[in-house]
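Peer 1: First the structure, then my questions, so here it is.
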Amino acid sequence: MSAHPFDLTGRVALVTGAARGLGLEMARALASAGAHVAIGGRDAETLHATAERLTAEGLKVQPLCFDPGDLAAARKAVQHLVDTDGGIDILLNNAAARDRRDLFAFEEQAIADLIHVDLIAPFELSRMAARHMVGKGRGRIINVTSIGAHISLKGDPVYGMAKGGLATATRALAAELGPHGITVNAICPGFFATEFNAPLVEVEAITQMPRDRSSLGRWGEPEEIGGAAVFLASDAASYVTGHTLAVDGGYMSHY
């Protein structure tokens with residue numbers, strides 16, 4: 001074990017969905033630990049503004065505009081990092097989509113689209129990155145799931161199904177890639193006060209849920225997700241794989 005096991009200096013990371021919210025905070029944390037971070041996103045203007053902000057903080061980041069749901073574009077993005085930075089040491093699959101509807105309101109295509117973005121795309125991106133990690137004999141893959149993968153809320157059936165699949169895919173990838181020195185883990189966020197969740201914070205019935213049901217009795221602040229990402233990406237987690245780390249203030253464990 002290194003004297004500085006959380007030091008990511010010299011590592012190249014790709015974080016999808018990193019222009020804002022939890023993805024941004026995890027990218028910031030990895031870069032603060034010394035990694036060179038490619039932040040992925042679909043909106044070029046927002047992505048470049050985020051990259052400029054992080055660079056102004058003295059962090060090593062680069063914008064990489066692509067849609068991880070477009071597998072051809074994802075393949076080009078991975079190859080770009082291989083060609084320019086020597087590969088990917090850390091892949092953090094954060095990009096996701098959500099479609100809250102009644103069970104019977106979903107058309108087949110809407111179900112397929114959500115599963116593609118939330119399950120198939122991160123699985124395929126993991127395989128793309130892992131091919132290059134195998135040659136190095138080491139690597140870190142981190143998937144972002146959700147408490148919705150483990151407990152269910154009415155009106156959100158397909159998202160929970162897809163995230164549950166991603167939790168299972170995490171274990172499957174860990175079993176496949178472990179012999180190559182690659183660990184695969186998941187971060188399972190609970191209720192976080194992100195820009196995306198701002199409308200939910202205004203709904204009293206929803207905003208009370210983490211206050212009443214979590215051990216810490218509050219919503220998480222976005223920056224509180226960063227430590228989990230650094231840990232799982234670092235040498236400190238060298239013997240951790242196939243694990244889902246809940247960062248939920250005790251929501252799933254609190255009765």
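The values are calculated or read from the model by the stated rules, or taken from the named source; none is laboratory data. It should be emphasised that the depicted structure is a prediction, and the values quoted were computed from it without experimental measurement. Cβ: placed from backbone, ideal geometry, glycine included. Neighbour counts: every protein chain shown. Just the protein is used for accessible areas: all its heavy atoms, side chains included, with ligands, DNA and RNA removed. Shrake-Rupley method; radii C 1.70, N 1.55, O 1.52, S 1.80 Å.
Peer 1: Considering the stretch 221-255 alone, what residues qualify as being open to solvent by 50 Å² or more (accessible area, probe 1.4 Å), in contact with a Lys or Arg (Cβ under 9 Å, 6 or more places away or on another chain) and outside any loop (DSSP other than H, G, I, E, B)?
Peer 2: GLU223
Peer 1: Can you tell me which residue among SER152, SER126, SER146 is of a type in the set (Ser, Thr, Tyr), free of Cβ contacts under 8 Å to residues at least 60 places away in the same chain and closer than 17 Å to THR241 by Cα?
Peer 2: SER126
Peer 1: Now, a different point. Tally time: how many residues in the stretch 37-51 are surrounded by 15 or more Cβ atoms within 10 Å (Cβ to Cβ) and of a type outside the set (S, T, N, Q)?
Peer 2: Looking only at that region, the number is 9.
Peer 1: Name, by its number, the condition in (1) part of a helix (DSSP H, G or I); (2) surrounded by 14 or more Cβ atoms within 10 Å (Cβ to Cβ); (3) in contact (Cβ under 8 Å) with a residue 40 or more places away in the chain that does not hold for THR183.
Peer 2: (1)
Peer 1: Would the stretch 200-220 turn up any residue that is outside any loop (DSSP other than H, G, I, E, B), surrounded by 21 or more Cβ atoms within 10 Å (Cβ to Cβ) and at pLDDT 90 or above?
Peer 2: The answer is yes, given that some residue of the stretch 200-220 is outside any loop (DSSP other than H, G, I, E, B), surrounded by 21 or more Cβ atoms within 10 Å (Cβ to Cβ) and at pLDDT 90 or above.
Peer 1: Can you tell which of VAL61, VAL117 is at pLDDT 95 or above, crowded, with 18+ Cβ neighbours inside 10 Å and either touching a Ser or Thr at 6+ places or on another chain (Cβ under 7 Å) or on the phi > 0 side of the Ramachandran plot (or both)?
Peer 2: Just one listed residue meets the conditions, VAL61.
Peer 1: Of the residues in the stretch 120-170, how many are touching a Phe, Trp or Tyr at 6+ places or on another chain (Cβ under 9 Å), open to solvent by 30 Å² or more (accessible area, probe 1.4 Å) and hydrophobic (A, V, I, L, M, F, W, C)?
Peer 2: 1
Peer 1: State which residue pairs qualify: first residue farther than 17 Å from ALA246 by Cα and inside the stretch 194-221, second residue modelled with pLDDT under 70 in any location, beta carbons under 6 Å apart, and separation of 6 or more residues or different chains.
Peer 2: Taking only residues 6 or more apart or on different chains, the pairs are ILE206/LEU200; THR207/VAL201.
Peer 1: Let me ask something else about it. Among (1) part of a helix (DSSP H, G or I); (2) under 17 Å from ALA167 (Cβ atoms), which single condition is ALA129 missing?
Peer 2: (2)
Peer 1: Could you tell me which of the residues VAL158, VAL117, VAL184 is among the aliphatic types (A, V, I, L, M) and within 27 Å of GLY10 (Cα to Cα)?
Peer 2: Step by step, each of VAL158, VAL117, VAL184 is checked, and only VAL184 is among the aliphatic types (A, V, I, L, M) and within 27 Å of GLY10 (Cα to Cα).
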